[in-house]
Amino acid sequence: MQVWKFGGTSVGKPERMHSIRNLITTTDTRKIVVLSALSGTTNALIAIGEAAKANNDAEAARQTDDLKTHYDLFLKELYQTEAGLAQGQQIVEKEFSFLRSLVGIKPFTIKQEKELVAQGELLSTEMFAAYLQEQGENAVLLPALEFMQIDADGEPELAVIEEKIATILGQHTDKQLIITQGFICRNPRGEVDNLKRGGSDYTASLIGGAIRAEEIQIWTDIDGMHNNDPRIVKRTFPIRELTFEEAAELAYFGAKILHPSTITPAKMQNVPVRLKNTMQPDAPGTLIANQSTQRDIKAIAAKDNITAIYIHSTRMLNAYGFLRRVFEIFEKYKTPVDMITTSEVSVSVTIDNSEHLAAITAELREFADLEEHDLDQTIVCVVGNFSADKEGIALKVLEAMKDIPIRMISYGASEHNLSLLIHSKHKADALNALNERLFFYEQEASEVPSAH
Ligand code: ASP
Ligand code: MG
């Protein structure tokens with residue numbers, strides 16, 4: 001069995017839904033099909049929620065009407081028969097009347113907000129399942145709220161998910177296509193919750209791991225993970241193969257194509273993840289698996305809005321226990337540290353969540369001297385296969401960076417990451433310089449076409 005996930009743009013137009021039907025019915029493999037909300041819907045729902053929270057009922061109603069109009073038009077092109085259209089209209093009327101009742105609840109709390117944003121995925125999957133039914137496909141809709149469960153920290157309850165999915169699938173062994181919602185889940189209070197923005201990828205991977213799928217396919221509108229950010233760098237190309245570790249680093253350090261947690265469940269069960277393009281279904285895309293090609297340097301990613309904190313021990317040499325005290329403070333404020341560099345008496349760290357920056361620095365000052373921290377920093381992360389015996393990797397990276405001030409360097413923590421901290425104003429220059437040096441320099445010197 002395979003799990004195929006389609007993102008917002010892949011379901012965002014009626015004709016796109018038609019092509020998805022063709023894609024999922026071309027092969028005989030049984031599939032669980034995970035859908036996002038139609039593109040723009042989650043943002044629209046969040047905006048409606050904001051208006052409701054601010055007690056701006058007229059604005060919430062106006063935005064709800066606009067969204068409803070969008071769906072009414074969508075239905076007319078999605079369905080091919082009168083009966084299908086009637087079915088679709090019934091779904092949209094039902095979901096929107098629920099949505100309107102939610103928006104009217106006072107006070108409008110986080111609980112209502114989460115139910116509201118869940119409507120996007122409920123709408124897309126119900127509409128799509130009804131379309132498949134209209135077309136006579138052997139498909140069933142399974143509500144994600146019946147098996148997707150998170151704990152009090154927002155982490156997925158893997159064992160629960162696995163058990164519930166197995167039971168539910170056992171009731172549908174005759175079905176070829178199983179449709180479900182990405183993103184949405186239940187929390188320990190039984191309320192509707194979600195896996196955070198972009199979480200449909202994570203849903204697909206959680207399901208893929210739970211059922212030990214043969215493969216997880218994430219369908220988007222670009223041709224796989226690129227070796228660099230195509231919005232900033234001109235000459236980028238899709239990477240054919242990545243290891244789980246490399247893909248996880250890239251997703252975490254800024255590659256927008258995947259939700260950063262997606263790789264973990266797939267990796268745990270060794271289920272390959274393939275990134276595919278709905279617009280070019282025959283293109284190979286990117287395969288993420290246990291092993292990949294031996295190419296040294298695979299890709300570059302960048303993460304913005306980083307704050308760097310520079311900490312010096314007030315006790316001089318041999319201050320053991322110093323690092324522990326430093327990290328206890330970050331732990332206390334649930335603030336992950338991304339990059340670390342150390343010397344005998346100093347440690348520099350970066351964080352991307354600066355919500356508790358003031359409290360953290362105040363507590364650090366109780367036993368350390370702090371330099372003024374740097375805001376607007378970017379981590380540039382070079383990812384690849386850098387086993388300990390590889391020479392020359394750092395040289396190439398630093399050569400490319402020769403005109404760009406570097407604030408921190410981290411290399412050797414894992415065998416697949418070299419990270420640099422720079423001011424964000426140098427990001428575009430850094431990504432372009434690295435791209436040329438790491439992916440084109442040698443090839444052009446020897447006239448070999450780009451190796452991808
Ligand atoms: N619809 C949700 C979002 O826009 C989840 C997803 O698309 O993955 O964030
Ligand atoms: Mg996405």
Please go through segment 371-421 and pick out each residue that is loosely packed, with under 14 Cβ neighbours inside 10 Å, over 26 Å from the mean Cα position of the chain (by Cα) and not small (Gly, Ala, Ser). GLU371, GLU372, ASP389, LYS390, GLU391, LEU395, LYS402, ASP403, PRO405
Just to verify a result, which residue in segment 17-57, among those that are within 13 Å of TRP219 (Cα to Cα) and either within 13 Å of ligand 1 (Cβ to nearest atom) or not assigned by TED's automatic domain parsing to the domain that holds LEU145 (or both), is nearest to the chain's Cα centre (by Cα)? SER36
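Conditions (1) out of contact with any helix residue (DSSP H, G or I) (no Cβ under 6 Å at 6 or more places or on another chain); (2) within 23 Å of LEU438 (Cα to Cα), marked per residue:
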site	(1), (2)
LYS196	yes, no
ARG212	yes, no
ASN228	no, yes
ILE232	no, yes
GLU246	yes, yes
VAL273	no, no
GLN280	yes, no
LEU287	yes, yes
SER292	yes, yes
Condition first: away from ligand 2 (no atom under 13 Å from the Cβ), within 16 Å of ILE216 (Cβ to Cβ) and under 12 Å from the mean Cα position of the chain (by Cα). Now tell me which residues in segment 247-286 satisfy that. ALA247, ALA248, ILE263, THR264
Select, from GLY120, GLY182, the only residue that is closer than 18 Å to GLN2 by Cα and crowded, with 22+ Cβ neighbours inside 10 Å. GLY182
Any residue at all in segment 6-26 that's away from ligand 2 (no atom under 16 Å from the Cβ), of a type in the set (Lys, Arg) and closer than 20 Å to ASN277 by Cα? yes
Output the number of residues of segment 206-221 satisfying the condition of being touching a strand residue (DSSP E or B) at 6+ places or on another chain (Cβ under 6 Å) and away from ligand 2 (no atom under 11 Å from the Cβ). 8
Of the conditions (1) out of contact with any strand residue (DSSP E or B) (no Cβ under 6 Å at 6 or more places or on another chain); (2) part of a helix (DSSP H, G or I), ASP28 clears all except one; give me its number. (2)
Qualifying position, being of a type in the set (S, T, N, Q) and out of contact with any Asp or Glu (no Cβ under 9 Å at 6 or more places or on another chain), among THR278, THR236, THR243: THR243
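When you go through GLY254, GLY209 one by one, which is the residue that is outside the structural domain of VAL383 (by TED's automatic domain parsing), of a type in the set (Gly, Ala, Ser) and on the phi > 0 side of the Ramachandran plot?
GLY254
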Filter result for THR243 (within 16 Å of VAL382 (Cβ to Cβ), hydroxyl-bearing (Ser, Thr, Tyr) and over 15 Å from the mean Cα position of the chain (by Cα)): yes
What pairs can you find where one residue is in segment 294-307 and farther than 15 Å from ARG407 by Cβ, the other is of a type in the set (Val, Ile, Thr) and assigned to a strand (DSSP E or B), and their Cβ atoms are less than 7 Å apart, with a gap of 6+ or different chains? ILE297/VAL382; LYS298/VAL383; ALA299/VAL383; ILE300/VAL380; ILE300/VAL382; ALA301/VAL383
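It is to be established whether one or more residues within segment 49-63 are under 25 Å from LEU141 (Cα atoms) and either assigned to a helix (DSSP H, G or I) or among the acidic types (Asp, Glu) (or both).
From segment 49-63, those under 25 Å from LEU141 (Cα atoms) are none; that's our starting set.
The answer is no, given that none of the residues of segment 49-63 is under 25 Å from LEU141 (Cα atoms) and either assigned to a helix (DSSP H, G or I) or among the acidic types (Asp, Glu) (or both).
Here's the yes/no breakdown for (1) basic (Lys, Arg); (2) touching a helix residue (DSSP H, G or I) at 6+ places or on another chain (Cβ under 7 Å):
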residue: THR307; (1), (2): no, yes
residue: ILE311; (1), (2): no, yes
residue: THR314; (1), (2): no, no
residue: ARG325; (1), (2): yes, no
residue: GLU331; (1), (2): no, no
residue: VAL337; (1), (2): no, yes
residue: THR342; (1), (2): no, no
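Grab the helices (runs of 4 or more DSSP H) fully contained in segment 187-288, keeping just those with 3 or more residues being within 16 Å of ligand 1 (Cβ to nearest atom), out of contact with any Ser or Thr (no Cβ under 6 Å at 6 or more places or on another chain) and in contact (Cβ under 8 Å) with a residue 24 or more places away in the chain.
200-210
The values are calculated or read from the model by the stated rules, or taken from the named source; none is laboratory data. This one's a predicted model, so the numbers in the text were calculated from it and none came from an experiment. Positions of Cβ are backbone-derived with ideal geometry, glycine not excepted, and every protein chain shown enters the neighbour counts.
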